Amino acid sequence: MAERRAILFDLDDTLYPLERFVMSGFRAVAAAVEARWRVPRAAALETLVSAVASSRGRELQVLAQRHDLPAAAVPELVDVIRLHVPDLRLPELSLSVLGALRRDWRLGLVTNGRPDIQARKVRALGVHRLVDAVVYAHAVGNGAGKPDAAPFLEACRQLGVAAEATVFVGDDPDCDVAGAHAVGMKTIWLPARVAPQSARPAEQADVIVASLADVPAAATRLLAPEWRAHVA
């Protein structure tokens with residue numbers, strides 16, 4: 001009988017595009033701005049979206065300045081994003097790949113970020129119904145998150161699978177690939193579709209794939225079932 005194997009996935013920019021959560025948050029902010037300060041929702045949303053290219057990370061400040069919102073508006077709107085129920089749907093490819101893998105693999109999710117926010121993403125996407133374990137990395141160990149060893153090993157503990165019999169799939173060279181490699185896992189690097197210019201290659205990746213669709217075959221090559229591994 002084949003030994004138990006597992007595949008762990010990162011969440012943001014691996015199983016779904018993070019920009020969809022950003023847009024969901026922007027829509028929630030636009031609705032709040034309209035209700036609180038009577039700025040038309042469409043105008044607020046347009047400001048936020050246009051600010052991404054020139055002021056990434058400061059979109060709310062741009063919104064407040066352009067629409068004459070009070071200084072206290074920005075922290076209030078940060079909370080709107082953090083606390084809103086995301087309008088998200090898992091891509092069909094992710095659904096298909098996870099569904100196919102469940103036949104032969106134990107599946108898990110290990111995600112960085114504020115656990116409360118990540119939990120709302122997981123529920124909205126329905127990922128918790130498709131995997132056997134969900135680990136919020138900043139809620140285990142010393143709270144440092146990936147690439148610290150604790151989140152990876154916690155996932156193995158929950159799944160009952162050794163790190164050496166586990167494949168990790170993620171987009172971040174350091175948090176995902178280097179972190180998983182350090183605890184003895186095999187690694188698959190799926191570069192983010194929209195990666196920062198400063199992004200560097202994941203040198204410790206065992207396999208680099210262009211699409212989530214390539215993961216099942218790549219993982220099988222890395223951890224062939226025991227009966228295949230001993231066929232001459």
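Only the coordinates and a few stated rules stand behind these numbers; no lab work does. Remember, it's a predicted structure, so these values are computed and weren't measured experimentally. For neighbour counting, all protein chains shown are included, and Cβ atoms are generated from backbone atoms with ideal geometry for every residue, glycine included.
For the reader, a short list of remarks on this structure follows.
- Integer Hz, Karplus 6.51/-1.76/1.60 couplings in order for the stretch 53-68, x for Gly and Pro: 5, 9, 9, 4, x, 10, 4, 5, 5, 4, 4, 4, 5, 5, 10, 6
- Scaled to the globular estimate 2.2 N^0.38 Å, the Cα spread of the chain, given as radius of gyration, is 1.14.
- Residues listed by number, the stretch 33-50, amide nitrogen under 20 Å from residue 68 label point at 7 Å toward C-beta: 33-48
- Normalised by the number of residues in the stretch 19-83, the mean separation of alpha-carbon contacts (under 8 Å, six or more apart) gives a relative contact order of 32 percent.
- The angle separating the long axis of helix 73-83 from the principal Cα axis of greatest extent in the chain is about 30 degrees.
- Each peptide among 148-159, 35-46 gets the average number of other Cβ atoms lying within 10 Å of its residues, and from highest to lowest they stand as 148-159, 35-46.
- ³J(HN,Hα) computed for each position of the stretch 149-157 - Karplus, 6.51 cos²θ - 1.76 cosθ + 1.60, integer Hz, glycine/proline x: 5, 4, x, 5, 5, 5, 4, 4, 4
- Distance between the C-alpha centres of the stretch 35-71 and the stretch 94-121: 33 Å, rounded to the whole angstrom.
- Taking the longest Cα principal axis of the chain as reference, the axis of helix 115-125 is set at about 80 degrees.
- Once the chain from residue 56 to residue 82 is taken as fully extended at 0.36 nm per residue, the excess over their C-alpha distance is 7.7 nm.
- When the stretch 37-145 is described by a simple charge dipole with +1 on each Lys and Arg Cβ and -1 on each Asp and Glu Cβ, the residue from 143, 124, 71 located farthest towards its positive end is 124.
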